[in-house]
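Participant: Take this structure first; my questions come after.
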Amino acid sequence: MAEQRLQMEGIPCLIRSLLGGPGLWGTAYNLPHELLVYEGDESCAREVLQYVPQEMIEREQESERPSPLMPQWMVTATIVAIVAFIALTVVIANRAVR
């Protein structure tokens, strides 16, 4: 993503895998990488990568909002009530059989 953001800003850059590359381990997504830019573009690249677009901030805030569905405590209370009901039903059924 950093490479794409820099290229969108017109800053030439290069991503390089540090531990053997994708052929060594099969995939490269979990290997450490290095982001290279020209020395003259370093300060601009740092500014671009430190800037967080407003859209991303809004998305993060939306994901932090509570879900409109049942809160977690309601789900837990419902499950406990169902388990207690089933256990009570089993106890009563066992007493009726005796």
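The values are calculated or read from the model by the stated rules, or taken from the named source; none is laboratory data. Treat the numbers as computed from the prediction; the structure is a model and nothing was measured. Because the Cβ atoms are built from the backbone with ideal geometry, glycine has one as well, and the counts that use them run over all protein chains shown.
Participant: Answer yes if at least one residue in the range 3-15 is at pLDDT below 90 and not in a helix (DSSP H, G or I), and no otherwise.
Facilitator: Within the range 3-15 (the criterion being at pLDDT below 90 and not in a helix (DSSP H, G or I)), the answer is yes, since at least one residue qualifies.
Participant: Collect the residues in the range 20-55 that are under 20 Å from Met8 (Cβ atoms), assigned to a loop (DSSP other than H, G, I, E, B) and modelled with pLDDT of 75 or more, keeping them in residue-number order.
Facilitator: Tyr38, the sole residue that qualifies.
Participant: So which residues in the range 56-98 are among the small types (Gly, Ala, Ser) and modelled with pLDDT of 90 or more?
Facilitator: Here is the first cut: in the range 56-98, the residues among the small types (Gly, Ala, Ser) are 63, 67, 77, 81, 84, 87, 93, 96.
Hits for the range 56-98 are Ala77, Ala81, Ala84, Ala87.
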